[in-house]
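Visitor: First the structure, which I've put down as structure tokens, then a few questions once you've had a look.
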Amino acid sequence: MDVLVLDFKNALKLKSELNRVSDIQPNIIIICNAKEHELLIPACYLMFSVVDIKDIDLHLELVIESTAMGAHVFSASLRNLFHVSRMYLAPPSSFGITFNHIITLNSYLEGGDIIQIAERANKSHSTVKKHLKLIRQKLNLETNNEIIDFLRKHHWCDFKTGKLIWF
């Protein structure tokens, strides 16, 4: 399987086009220079392999091989660049959001009333109401409408499907 290798600045220039590129070529490696002080890696790049340029000589073959098999590789030196935005990269589980909550949220994101949401999630409407209330409490939100903004800000959606992922 082929692998597409991009440098970080070109990946940034692609913006939303990177999504279209990943539909055609899902195995993408983005090469960064961790010494660039302005470098902040967007959370959506977690769907790709992201490697520091200084690791290329030693690890490029391994990174290409791993990425071609569908794995995601990150240079340890880049870890701190993701930590800069750590509060927005915290996984759902760190907020106490369970896998069942994610099922409810995915159904909620598809729209409809509580009964439709419950049918899609294969749960009772009272369970859906309870889940949404617990989710709002755990995320410190007042209304269900705030949930969508929170999810966008925290990048919990799969890059391609738009569905929430649990990790």
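Here, each number is a calculation from the coordinates, and none is a lab measurement. Values in this document were obtained by computation on a predicted structure and should not be read as measured data. No Cβ is skipped: glycine too gets one built from the backbone with ideal geometry, and neighbour counts run over all protein chains shown.
Visitor: Could you give me the ³J(HN,Hα) list for the stretch 98-104, computed from phi with Karplus coefficients 6.51, -1.76, 1.60 and θ = phi - 60°, whole Hz, x at Gly and Pro?
Guide: 8, 4, 5, 5, 5, 4, 4
Visitor: Taking the dipole about the Cα centre of the stretch 92-154, with the C-beta of Lys and Arg at +1 and of Asp and Glu at -1, give me whichever of Gln116, His154, Gly96 is farthest to the positive side.
Guide: Gly96
Visitor: Set the Förster distance to 45 Å, then compute FRET efficiency between Asn140 and Asn33 from the Cβ-Cβ distance, nearest 0.05.
Guide: The calculated FRET efficiency here is 0.75.
Visitor: In addition: What net charge do the residues around Asp113 carry, taking every other residue with its C-beta under 12 Å from that of Asp113, with Lys and Arg at +1 and Asp and Glu at -1?
Guide: Here the charged neighbours net out to 0.
Visitor: 7 Å from Cα along Cα→Cβ at both Ser93 and Asn10: what's the point-to-point distance in nm?
Guide: 3.6 nm
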